[in-house]
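Trainee: Attaching a single structure in structure tokens format; questions to follow.
FYI, it's all coordinate maths here, none of it is from the lab. None of the values given here were measured: they were computed from a predicted structure. Here Cβ is always computed from backbone atoms with ideal geometry, including for glycine, and neighbour counts include all displayed protein chains.
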Amino acid sequence: MFGNEKQSKSEFIQGLNKVYTWYTGGFVAFVILLAILEQMGMPKAWIGYSFLAATVLLYAGIGVMSRTNDAAEYYVAGRRVPAMYNGMATGADWMSAASFIGMAGTLYLTGYGGLAFILGWTGGYCLVALFLAPYLRKFGQFTIPDFLGARYEGNLPRLIGVFAAILCSFTYVVAQIYGVGLITARLTGLAFEVGIFAGLIGILVCSFLGGMRAVTWTQVAQYIILIIAYLLPVIWLSVKHTGVPIPQAVYGYTLEKVSAKEEQLLKDPKELEVRGIFKARSDAAVEKLKDVPAAMAADKAAAEKKVEELKASNGRLADIQAAEAALTKLPKDEAAARAAYTAARTSNAARANPPVRHAEPFPGKDDAARDIARKNFMALVFCLMIGTAALPHILMRYYTVPSVREARESVSWSLFFIFLLYFTAPALAVLAKFEVYTVLVNTPFANLPEWIARWSSVDASLLSVVDVNKDGILQLAEISIGGDIIVLATPEIGGLPYVVSGMVAAGGLAAALSTADGLLLTIANALSHDLYYKVLDPNASTARRVLVSKSLLLVVALAAAYVAAQKPADILFLVSAAFSFAAAAFFPALTLGIFWKRANKWGASLGMIAGLGITFYYMVTTQPWLYKLTHGAAITPEIAKANTWWDIAPISAGLFGVPLGFAVIIIVSLLTKAPGRDIQELVEHVRYPSLDGKTSAGSAAH
Amino acid sequence: MQLSARHQEYWSKNLRITAFLLGIWFFVTFVLVYFARDITFNFFGWPFSFWVAAQGALVVYCLIIWYYAHYMNKLDIEYGVSEGEE
């Protein structure tokens, strides 16, 4: 079904078109069937189970059908994936749980500031298209370290590449598996850890049996599900508010209304009152932090007094129990109390802030603060773009197309399929904000829609509403909303049936699973192909190499699941850090390797080490979590300020790593011996699709 | 294999188009964003700078990549360096 050597190219494409048309139709029919069953009274939990079981079984089925032990099939899907299908697979490979679930939420919370991710994660493909994809396809091996090893003559650059590929892919895959656990838990009500391992089966059956071949065809299937699931609720919401089913074209007018409402909310006396209460709470926490033991004693006395008063006045039993529970929940020792007061200070101070103006670029209290915001926005865009153009699991996909020509077209398709989602996310954020600002705000608490209670009972960090000023009416400042809820709750906000919520969750699952598949394969291939075959045992047979890769895949997947099950802190930071690492390690060495013949082994090796090293150093000295991990003590604002260069946030550390990487490669290369004639010829070979009129598809046999 | 003058010309044309498209990419991404606070005229409801970062730049990126693929695939044939059909 997914092709063999005997088929002609057009037969193969026709076959694929037929399979995926039927598949899309089948998915739509499945959703409609569930919708009918829901109307007939099928319980919500069953809808969740049906989506989970159907999609995971489907991915597993594709995995079984495309199982293989052939090296070219296993590593690069036989190099016959047509440009458009590789584009879809790259889209699914690229769009992770963070894009699908987190992106619209980030835009909702930060407005213009969040657009750095939209720009960075799409603009990076221009660099892939102009600098890398066609040349890497012409080179035509199996992995990215392969290119470094061949171009820079030796195992040292290859091994640095292996190390960097694993460093960025592993942190990234942990975040995906974490997302899989979260979505499975929501979809079915299973425990988080069970969810992780249920999702893991879906990932493993697919990539374990068929490697790149299975992953490619599963990713195409996953892309179709995720894009339908993302677009449908937004289109619905747009029709509801504007009457036009193309949200991307008309939400400008909705944004105007949101901006007008913002100005009103900034001055509204009731809003000011609520924000004032949060400010007072934050100030109280600051006071308590000045003398923690005294504050603890005062808290205890106040809580005891309240219990006694209630008892003396024959208060309601429920009130007395609540007061007693509050008394027992007070922090036991000084360290716990200090942590609790610090948390109260930060969270209340954050909620005392006025709402962000959605459309305002680089907000700040004065010109200096605005300049810093702009600088960091641009630095983040830079790191995300270069990182996009350097992530091995994405670049690897361009090895799977039949020719240089199709590699170029394939980048074009990739960005088009990614664009469909990223072009829509800003519209979704604005439409959701409009709904919250105009429909929810100023509603009496008694009349709030039902989904608010449902979501706040799932997880208070996602959504909580408390009548802080006790006026019985909901103010904007009384809503605390987590970014992840925007996409997941859109169907309910728009009043769609539950089956659409189930479909959105299945789309999120598809996004997380497809990215995890690609990443695991990258790690396993770096270890089995580059480390085991190219360095340790060059005489290993093909079957043995594939076997080693499969075993490693299992080990890496279990290790990643184990780390994800610990729920590591700051997982979002780790994902963004992966971009800075990839940018600093790979981008200078790969591009100079193609565009500058003089770049040599020592330049590339030292440049990669220097780029990675400075990026890592900057993060360790400025990022609170990493600082604590390496220095053993918490970072203070003074240390952070002293260690910060040019006001750049730790997330954009690649801003220093990339230029340093380029500089070191150029300087060291010029100081050492030029690469030999064979390397010059390799570079020429890579630069021309064909010097003798023959196709490069023959390199599938390597 | 020794490169002919035609080959050299092909490569320099490739470099030229790459630099040109990279210039557009840089302008849309960094120049327009740098001046985002100043270009805020109303564009079908959006402040222009918001629209550029949320929608406009993405369209330009798609066009850059599409045009590069189109141009280079034609150039390959013109200079006889295209791969033969299978």
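Trainee: Provide a whole-number value for the mean count of partner chain Cβ atoms within 10 Å of the Cβ atoms in peptide B:3-15.
Mentor: The per-residue average across the peptide is 2.
Trainee: Treating the Cα atoms of chain A as identical point scatterers in vacuum, please give the log10 of the normalised Debye intensity I(q)/I(0) at q = 0.05, 0.06 Å⁻¹, two decimals.
Mentor: Scattering profile of chain A, log10 relative to I(0): -0.27, -0.38.
Trainee: Related question: Could you state the number of Å between the C-alpha centres of segment A:650-695 and segment A:570-603?
Mentor: 11
Trainee: From the backbone phi of segment A:473-480, what are the Karplus-calculated ³J(HN,Hα) couplings (6.51 cos²θ - 1.76 cosθ + 1.60, θ = phi - 60°) in whole Hz, Gly and Pro given as x?
Mentor: 10, 7, 9, 4, 5, 8, 9, 10
Trainee: Which order results if A:I62, A:I144 are arranged by neighbouring Cβ count within 10 Å, fewest first? Could the numbers behind the result be given before it?
Mentor: Working: A:I62 27, A:I144 31.
Lowest to highest Cβ neighbour count: A:I62, A:I144.
Trainee: For peptide A:353-361, how many partner chain Cβ atoms fall within 10 Å of a residue's Cβ, on average? Each step should come with its number before you reach the end.
Mentor: Values: counts 0, 0, 0, 0, 0, 2, 7, 6, 11.
Per residue, the average neighbour count from other chains is 3.
Trainee: Kirkwood Rh over Cα pairs of segment B:5-78 into Stokes-Einstein at 37 °C, 0.692 mPa s: D in µm²/s?
Mentor: On the way: Rh = 14.0 Å.
Stokes-Einstein gives a translational diffusion coefficient of 234 µm²/s.
Trainee: Report, in whole Å, the centroid distance computed from the Cα atoms of segment A:172-232 and segment B:1-51.
Mentor: Distance between centres, Cα-based: 36 Å.
Trainee: Name the residue from A:G48, A:A390, A:A191 whose Cα lies farthest towards the positive end of the charge dipole of chain A, charges +1 on Cβ of Lys and Arg and -1 on Cβ of Asp and Glu.
Mentor: The Cα lying farthest towards the positive end belongs to A:A390.
Trainee: To continue, here is another question. Once the Cα atoms of helix A:317-328 and of chain A are each reduced to a long axis, what angle between those two axes, in degrees from 0 to 90 to the nearest 10, is obtained?
Mentor: For A:317-328 against chain A, the angle is about 60 degrees.
Trainee: How much mean residue ellipticity at 222 nm does the protein assembly as shown get from its helices, if each DSSP H run of length 4 or more adds -39500 (n - 2.57) and you divide by all residues, to the nearest 500 deg cm²/dmol?
Mentor: On the way: 32 runs with 551 residues, N = 788.
One gets -23500 deg cm²/dmol as the mean residue ellipticity at 222 nm.
Trainee: Quick query: amide H of A:L463 versus all other amide H atoms, modeled in the peptide plane; which residues come in under 5 Å with a sequence gap of 5 or more or a different chain?
Mentor: Those qualifying (amide H under 5 Å, at least 5 residues apart or on another chain) are A:G482.
Trainee: Considering only A:L420, A:S457, A:A432, whose Cα is most displaced toward the positive end of the charge dipole of segment A:413-494, charges sitting on Cβ of Lys, Arg (+1) and Asp, Glu (-1)?
Mentor: Going by the charge dipole, the pick is A:L420.
Trainee: Mind checking the dipole of segment B:5-78: about its Cα centre, +1 per Lys or Arg Cβ, -1 per Asp or Glu Cβ, Debye to the nearest 20?
Mentor: Using Cβ point charges on Lys, Arg, Asp and Glu, segment B:5-78 gives about 60 debye.
Trainee: Output the 0 to 90 degree angle, nearest 10, between the alpha-carbon long axis of helix A:542-565 and the longest principal axis computed from the alpha carbons of chain A.
Mentor: Rounded to the nearest ten degrees, it is 10.
Trainee: Summarise the partner chain shielding of B:41-50 as one whole number: the mean count of Cβ atoms from other chains within 10 Å of each residue's Cβ.
Mentor: Numbers: counts 0, 2, 1, 6, 9, 8, 9, 0, 5, 12.
Neighbouring Cβ atoms belonging to other protein chains average 5 per residue here.
Trainee: Helix B:5-26 sits at what angle to the longest principal axis of chain B, using alpha carbons and giving 0 to 90 degrees rounded to 10?
Mentor: Its long axis makes an angle of about 10 degrees.
Trainee: Let's test the formula: R0 of 25 Å, r as the Cβ-Cβ distance of B:Q2 and A:K673. What FRET efficiency results, to the nearest 0.05?
Mentor: Numbers: r = 23 Å, r/R0 = 0.91.
Approximately 0.65, to the nearest 0.05.
Trainee: Take the alpha-carbon centre of segment A:74-121, take the same for segment A:143-171, and report the distance between them in whole Å.
Mentor: 24
Trainee: May I ask you to sort A:T143, A:T443, A:T591 by Cβ crowding, counting other Cβ atoms within 10 Å and putting the fewest first? Display every interim value, and only then the final one.
Mentor: On the way: A:T143 26, A:T443 14, A:T591 21.
Result, fewest neighbours first: A:T443, A:T591, A:T143.
Trainee: Next up: Taking the number of other C-beta atoms within 10 Å as the exposure measure, put A:D530, A:D692 in order starting with the fewest.
Mentor: In order of increasing Cβ crowding within 10 Å: A:D692, A:D530.
Trainee: May I ask you to derive the relative contact order of chain A, considering only C-alpha pairs under 8 Å and at least 6 residues apart, and to give it as an integer percent?
Mentor: That works out to 27 percent.
Trainee: Pairs A:K433/A:K641; A:K270/A:K306; A:K673/B:K13; A:K261/A:K365; A:K240/A:K470; A:K597/B:K13: which are spaced more than 26 Å apart, C-alpha to C-alpha? Write out the running numbers ahead of the final one.
Mentor: On the way: A:K433/A:K641 35 Å; A:K270/A:K306 29 Å; A:K673/B:K13 29 Å; A:K261/A:K365 21 Å; A:K240/A:K470 32 Å; A:K597/B:K13 18 Å.
Going by Cα-Cα distance, A:K433/A:K641; A:K270/A:K306; A:K673/B:K13; A:K240/A:K470 fall outside the 26 Å limit.
Trainee: Still on this structure, I have one more. What distance in nm separates the two pseudo spin-label positions at B:L22 and A:T346, each 7 Å out from Cα along the beta-carbon direction?
Mentor: 4.0
Trainee: Now for a separate question. Which one, A:V292, A:L629, A:P659, projects farthest toward the positive side of the charge dipole computed for the protein assembly as shown from Cβ point charges (K/R +1, D/E -1)?
Mentor: Toward the positive end, the furthest listed residue is A:P659.
Trainee: On to the next question. Just to be sure I follow the definition: excluding the sites themselves, where is the longest run in chain A that has none of the trypsin sites (Lys or Arg not before Pro) in a DSSP loop with at most 11 other Cβ atoms within 10 Å? Write out the running numbers ahead of the final one.
Mentor: Details: sites that count: A:K6, A:R316, A:K329, A:K332, A:K365, A:K470, A:K673, A:K694.
Of all site-free stretches, the longest is A:7-315.
Trainee: If you add up the charges near A:V274, with Lys and Arg at +1 and Asp and Glu at -1, over every other residue whose beta carbon is less than 14 angstrom from its beta carbon, what do you get?
Mentor: Details: positive: A:K267, A:K270, A:R275, A:K279, A:R281, A:R351, A:K470; negative: A:D268, A:E271, A:E273, A:D467, A:D471, A:E478.
Here the count lands on +1.
Trainee: May I ask you to list the lysines whose Cα is less than 19 Å away from that of A:K567, ignoring any residue fewer than eight positions away on the same chain?
Mentor: Hits, sequence-local ones excluded: A:K628.
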